[in-house]
Amino acid sequence: MISRRDMIKTLFAASAALTLPARLSLAGSANAIKRVIPSSGEMLPVMGMGSSRTFDVHLDGATRAQLTEVLRHFFDQGGAVIDSSPMYGAAESVLGELLTGISNRDALFAATKVWTNGKASGIQQMGQSMARMRVDRFDLMQIHNLRDWKIHIKTLKAWKEQDKIRYLGITTSHNRAHDELIRALKAESFDFVQFTYNIANRESEKRLLPLAQDRGIATLINRPFQRSRLFHQVKGVPLPEWAREFDCASWGQFFLKFTLSHPATTCVIPATSKPHHMADNMAAGFGRLPDAAMRKRMIAHVQSL
């Protein structure tokens, strides 16, 4: 009998084979790489976007135009998952306002989080988030940084049954919280888990990524650039010629394709407020990805810098 982990690997291989073109093409979203959500079989584009810091702004004319262009690049190149949180200040409200002006936002997979203590406060906050992001229901509601998760999980399960949300998840951005996160993942049936994973911080490879595979949990990966520290490390360093072997044209794509190439990665959610950075990020979701041998070469190269 095939195990659940082997089934997920088979689904991943099949989806990759169908969606990975031989050469990079940004002519549209048809060839964007997608991965399966194990709990439903739904396919998601691997490139999503976060909104921490970048959308916590006052919308004057210039900022509105700039962030609208960011969103247009995102959807034009096949993006779907947009992740936010009440923790991110004005981000939910800014996204809600700007998304009303995006004509091709139909693919939106709206995700946010509950970040408070207590059942009543959680319900109130989630309702407020719906109003701020101007959605009738969230595709994904997550418990932010494990906050009062044993209380909120009861509400999220009820909301999922009532079709108020489509999926439920839980998050952390801190390695120190992995033990508690693993306890939560083993105790309850989550559709998604969000955590940090990048070429410099591979702690999640030890337990979280294998556990997500074993339990059939989709993953959202935050901080793929280690909050820009990876770019500081490679500043002034030319991209290696061999990066072309996996259709990589920039250091941003180098770091994103490393994270995307792990078979347990479902979607990566880098945040940016700059249109040209969004275009570059989205390009990582097309073309070939590094194999196991290439991943080792990438790690060694970054460590040598």
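The values are calculated or read from the model by the stated rules, or taken from the named source; none is laboratory data. From a predicted model like this one, the values you see are computed outputs, not experimental measurements. Positions of Cβ are generated from backbone atoms using ideal geometry, with glycine treated the same way; all protein chains shown enter the neighbour counts.
From the residues in the range 64-81 that are closer than 22 Å to residue 288 by Cα and out of contact with any strand residue (DSSP E or B) (no Cβ under 7 Å at 6 or more places or on another chain), which one is surrounded by the fewest Cβ atoms within 10 Å (Cβ to Cβ)? It would help to see each step written out before you state the result.
Residues of the range 64-81 that are closer than 22 Å to residue 288 by Cα, as a first pass: 73-81.
Next, from what is left, pick out any that are out of contact with any strand residue (DSSP E or B) (no Cβ under 7 Å at 6 or more places or on another chain): 73, 75-77.
Working: 73: 21, 75: 20, 76: 16, 77: 21.
Restricting to residues being closer than 22 Å to residue 288 by Cα and out of contact with any strand residue (DSSP E or B) (no Cβ under 7 Å at 6 or more places or on another chain), the top hit is 76.
Identify the single condition in (1) surrounded by fewer than 20 Cβ atoms within 10 Å (Cβ to Cβ); (2) modelled with pLDDT of 95 or more that residue 61 does not satisfy, given that it satisfies every other one. Against the list (1) surrounded by fewer than 20 Cβ atoms within 10 Å (Cβ to Cβ); (2) modelled with pLDDT of 95 or more, residue 61 comes up short only on (2). Quick check on the range 245-258: of everything there that is in contact with a Leu (Cβ under 8 Å, 6 or more places away or on another chain) and surrounded by 18 or more Cβ atoms within 10 Å (Cβ to Cβ), which residue is farthest from residue 294 (Cα to Cα)? Filtering the range 245-258 for residues that are in contact with a Leu (Cβ under 8 Å, 6 or more places away or on another chain) and surrounded by 18 or more Cβ atoms within 10 Å (Cβ to Cβ), the one farthest from residue 294 (Cα to Cα) comes out as 251. Among all residues of the range 235-244, there is none that is at pLDDT 95 or above and surrounded by 22 or more Cβ atoms within 10 Å (Cβ to Cβ).
Contact map, the range 228-247: residues that are over 16 Å from residue 284 (Cα atoms) paired with residues that are exposed (fewer than 11 other Cβ atoms within 10 Å of the Cβ) and hydrophobic (A, V, I, L, M, F, W, C), Cβ distance under 9 Å, separation 6+ or inter-chain. Pairs shown: 233/305; 234/305; 237/305. Beta carbons closer than 9 Å, at least 6 apart along the sequence or on distinct chains, pair a first residue in the range 56-75 that is closer than 21 Å to residue 110 by Cα and aliphatic (A, V, I, L, M) with a second that is surrounded by 13 or more Cβ atoms within 10 Å (Cβ to Cβ) and modelled with pLDDT under 95 for 67/59; 71/102; 71/105. Inclusion of residue 137 among residues that are without any contact (Cβ under 8 Å) to a residue 40 or more places away in the chain and over 29 Å from residue 202 (Cα atoms) is warranted.
Scan the range 111-130 residue by residue and report those that are in a helix (DSSP H, G or I), in contact (Cβ under 8 Å) with a residue 12 or more places away in the chain and over 19 Å from residue 180 (Cβ atoms). Full working, then the answer.
Within the range 111-130, the subset in a helix (DSSP H, G or I) is 119-130.
Going one step further and asking which of them are in contact (Cβ under 8 Å) with a residue 12 or more places away in the chain, we end up with 119, 122-123, 125-126, 128-129.
119, 123, 125, 126, 128, 129, listed by residue number.
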